[in-house]
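Asks: Following this message is one structure expressed as structure tokens.
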Amino acid sequence: MELGIDSFASTIVGIDERNNLDYRTTILELLQRIQKADEVGLDVFGIGEHYRKEFADAASPIILAAAAQSTKNIKLTSAVSVLSVVDPVRLFQQFATIDLISNGRAEIVVGRGSSIEGFPLFGFNLQEYDAIFKEKLELLLKIRAEETITWQGKYRSQLIEQSIYPRPQQEKIPIWLGVGGSPSSFKRAGQLGMPLMVAIIGGEVHRFRPLIDMYREAGNKAGYATEDLKVGIHVPGYLSETDKLAKEEYFPGYQTIWTKMGKERGWPPVTHSQFEKYTSILGALFVGSAESIAEKIEYHNQTLGGIDRLTFQMDMASINQDKLLRSIELIGTMKKMIS
């Protein structure tokens, strides 16, 4: 199983210790964490894409290109690229360039996005949310497969015998489909034979098993072998020396930030009892010691019928840089334990 980290380039890392709109420091520290993840042997680092004041990841391919220069082995991916609001030609060109800079380590995770700020920003109709994504995904996969394409759709100007450059170093740059809880998205990933990245941010992890089974069934019906239908999960997570310390360090910022974000979506405030439930072996928060989280990962590897990749979302709990770097080191230690 591959282990990695996802980041939204949150400006609220260490919010109690500095101005939470220090974008320069946010990005520089993020690059340090990517380098640390590479040094300790993690497999992948992903950068999200948001258009909000508290995140500095609106131009994530630029951050990944910078990281490519200071890392050697770690895969560099989006987490996710909001394909509905970006041009598939440009997205492919950006990640092909990252692939060349990194000597073949680039990947893309595409999704419809759980935030809607990009739609008015780039002039797209939110009511056509899924139709736009479906068309652009078709175009992106065609660009990956063919150097010169002819294509016509509704939401972008047509392409007639257009060649798309540069081409990546990898013959077929990996493109994962990022999903939340929509059954149609799981089915779509299977029908296309795409690897699946499931965002699990709350509740109990095992509830996603029927959707993952649906993905695998759809993939098999479309002619893809089960072993080629990869499954990854993205979870909030943080490691420290003990379970008690990890929870003490993680909870205050987690409660503040997720209560604020939840209010925008009509969710109730985060409570300590809810936090304890989510950090249990059944829950979606992977917060604890290396030993406990290794046990939790193995448990969910079994309950979900096999996991190929697990990524920790670490910078959404207002934890300072030193503690995040320590957590990355502990994830590296844990990786050796479960290898």
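The values are calculated or read from the model by the stated rules, or taken from the named source; none is laboratory data. Being a predicted model, the structure only gives us computed values, none of them experimental. FYI the Cβ positions are ideal-geometry reconstructions off the backbone, even for glycines, and counts take in every protein chain you see. Side chains included, ligands, DNA and RNA excluded: accessible areas come from the protein's heavy atoms. Shrake-Rupley method; radii C 1.70, N 1.55, O 1.52, S 1.80 Å.
Asks: When you scan the range 304-325, how many residues do you find that are buried (at least 16 other Cβ atoms within 10 Å of the Cβ) and part of a helix (DSSP H, G or I)?
Replies: So the count comes out to 4.
Asks: Now a separate question. Within the range 194-231, track down each residue that is of a type in the set (Gly, Ala, Ser) and within 19 Å of the chain's Cα centre (by Cα). Break it down into steps so the answer makes sense when it comes.
Replies: From the range 194-231, those of a type in the set (Gly, Ala, Ser) are 199, 202-203, 218-219, 222-223, 225; that's our starting set.
Matches in the range 194-231: 199, 202, 203.
Asks: Follow-up question, since we're still on this one. Could you tell me whether residue 216 is open to solvent by less than 70 Å² (accessible area, probe 1.4 Å) and either part of a strand (DSSP E or B) or among the charged types (D, E, K, R) (or both)?
Replies: Numbers: open to solvent by less than 70 Å² (accessible area, probe 1.4 Å): yes; either part of a strand (DSSP E or B) or among the charged types (D, E, K, R) (or both): yes.
So residue 216 fits the description; yes.
Asks: Pairs needed: first member in the range 73-97, of a type in the set (D, E, K, R); second member anywhere, at pLDDT 95 or above; C-beta distance under 6 Å; at least 6 residues apart or different chains.
Replies: So the pair list comes out as 75/44; 75/105; 75/107.
Asks: Of all residues in the range 225-241, count the ones that are open to solvent by 60 Å² or more (accessible area, probe 1.4 Å) and free of Cβ contacts under 8 Å to residues at least 12 places away in the same chain.
Replies: Our first condition is that a residue be open to solvent by 60 Å² or more (accessible area, probe 1.4 Å); within the range 225-241, this holds for 226-228, 230, 241.
Restricting the remaining residues to those that are free of Cβ contacts under 8 Å to residues at least 12 places away in the same chain gives 226-227.
So the count comes out to 2.
Asks: Of all residues in the range 242-291, which are open to solvent by 50 Å² or more (accessible area, probe 1.4 Å), in a loop (DSSP other than H, G, I, E, B) and either in contact with a Leu (Cβ under 6 Å, 6 or more places away or on another chain) or under 19 Å from residue 319 (Cα atoms) (or both)?
Replies: 242, 271
Asks: Starting from residues that are in contact (Cβ under 8 Å) with a residue 12 or more places away in the chain and open to solvent by 30 Å² or more (accessible area, probe 1.4 Å), keep the ones in the range 292-302 and report whichever is nearest to residue 117 (Cα to Cα).
Replies: Here is the first cut: in the range 292-302, the ones in contact (Cβ under 8 Å) with a residue 12 or more places away in the chain are 292-301.
With open to solvent by 30 Å² or more (accessible area, probe 1.4 Å) added as a condition, the list becomes 292, 295, 298-299, 301.
On the way: 292: 37, 295: 38, 298: 37, 299: 36, 301: 34 Å.
Across the range 292-302, the extreme among qualifying residues is 301.
Asks: Out of all the residues in the range 50-70, which are small (Gly, Ala, Ser), surrounded by 19 or more Cβ atoms within 10 Å (Cβ to Cβ) and free of Cβ contacts under 8 Å to residues at least 40 places away in the same chain?
Replies: 65, 67, 68
A quick yes/no check of all residues on (1) out of contact with any Asp or Glu (no Cβ under 8 Å at 6 or more places or on another chain); (2) β-branched (Val, Ile, Thr); (3) open to solvent by 60 Å² or more (accessible area, probe 1.4 Å):
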residue: 108; (1), (2), (3): yes, yes, no
residue: 113; (1), (2), (3): no, no, no
residue: 121; (1), (2), (3): yes, no, yes
residue: 141; (1), (2), (3): yes, no, no
residue: 144; (1), (2), (3): yes, no, no
residue: 148; (1), (2), (3): no, yes, no
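Asks: Those residues that are open to solvent by 20 Å² or more (accessible area, probe 1.4 Å) and more than 20 Å from residue 48 (Cβ to Cβ), I need them from the range 167-192; list them, please. It would help to see each step written out before you state the result.
Replies: Taking the range 167-192 first, the residues open to solvent by 20 Å² or more (accessible area, probe 1.4 Å) are 167-172, 174, 180-184, 187-188, 191-192.
Residues satisfying the conditions are 167, 168, 169, 170, 171, 172, 183, 184, 187, 188, 191, 192.
Asks: Can you run down the residue pairs with Cβ atoms below 8 Å, 6 or more apart or on separate chains, where the first is in the range 185-201 and under 16 Å from residue 4 (Cα atoms) and the partner is of a type in the set (Ser, Thr, Tyr) and part of a helix (DSSP H, G or I)?
Replies: 196/215
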